[in-house]
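Below: one structure, written as structure tokens.
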Amino acid sequence: MFYKIEYKLTLSDGQLVDESEGSPLVFETGDGQLHHSLETCVESLDVGKEEIILISASEGFGDRTDDAIQKMDKDQFPEDIQLKVDSIIEFETPIGDLYPGTIKEINEKDVLIDFNHPLAGFDLTFKVKIIEKSETSITS
């Protein structure tokens, strides 16, 4: 299914995470533009109606886990990468999948990387309005 939506995603405290900013998002279910939990919310809505949906951390991007935080030796990073706390770096698994990791600490010999999704552990508010939906396609 194809959708054209306007949306605003905030943390439970009102901090803005992302929004369509007056330029509706056009996407196809499963194309990866929206997290699957947000897509599920959109699928149940009617065209033209604005909805506010509360999404718990566990339903959204999951809970934070200590297992997702790892230390890596500095020499494992290419020399041309500038290591900076709070920057996000993509890491490739042996099978070619890409995973973002956030640098949390930089020490003399190692770097602490958090592989939790940046929104893991946060309850979210998803304000969304379906502008159009179609089984074939939608143009921007």
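On a per residue basis, the convex hull of the C-alpha atoms belonging to the chain measures out at 150 Å³. Pairs over the 24 Å Cα-Cα cut-off, from the set Lys4/Lys49; Lys8/Lys84; Lys8/Lys133: Lys8/Lys84. When the chain is treated as a GNM with alpha-carbon contacts under 10 Å, the residue of Thr102, Thr125, Thr93 showing the greatest mean-square fluctuation is Thr93.
Each helix, a run of at least 4 DSSP H residues, gives -39500 (n - 2.57); summed and divided by the residues of the chain, these come to -1500 deg cm²/dmol at 222 nm.
Please identify every one of the GluC sites (Glu not before Pro) in region 78-140 that sits in a loop by DSSP and has no more than 11 other beta carbons within 10 Å of its own beta carbon. The qualifying sites are Glu79, Glu108, Glu135.
With the highest mean first, a sort of the peptides 39-48, 115-124 on other beta-carbon atoms found within 10 angstrom per residue produces 115-124, 39-48. Find the percent of Cα-Cα distances in region 36-89 that exceed 14 Å, and round it to a whole number. Tail of P(r) above 14 Å: 72 percent of Cα pairs.
Which percent, nearest 5, of DSSP beta bridges in the chain are antiparallel? Walk me through the numbers before you get to the answer.
On the way: 37 of 38 bridges.
For the chain, the DSSP antiparallel bridge percentage is about 95.
Computed extension gain for Lys84 through Lys49, at 0.36 nm per residue and net of the alpha carbon distance, reaches 8.3 nm. Shown here for region 1-52: trypsin sites (Lys or Arg not before Pro) in loop regions (DSSP other than H, G, I, E, B) with at most 16 other Cβ atoms within 10 Å, namely Lys49.
Dipole magnitude for region 66-114: computed about the Cα centre from +1 point charges on Lys and Arg Cβ and -1 point charges on Asp and Glu Cβ, it is near 120 debye. Full extension of the chain segment joining Ser140 with Lys109 gains 6.3 nm, where the gain is 0.36 nm per residue of separation less the Cα-Cα distance. What's the center-to-center distance, using Cα atoms, between region 19-58 and region 72-110 in Å? Distance between centres, Cα-based: 31 Å. In order along region 13-18, the phi-based Karplus estimate (6.51 cos²θ - 1.76 cosθ + 1.60, θ = phi - 60°) of 3J(HN,Hα) comes to 8, x, 5, 5, 9, 6 Hz; Gly and Pro are listed as x. Using Cβ point charges alone (K and R +1, D and E -1), the dipole size of the chain about the Cα centre works out to roughly 340 debye.
Each value in this text was obtained by applying a stated rule to the coordinates, not by laboratory testing. Since the structure is predicted, the reported quantities are computational estimates derived from the model, not experimental observations. Glycine also receives a Cβ, built like all others from the backbone with ideal geometry; neighbour counts cover every protein chain displayed.
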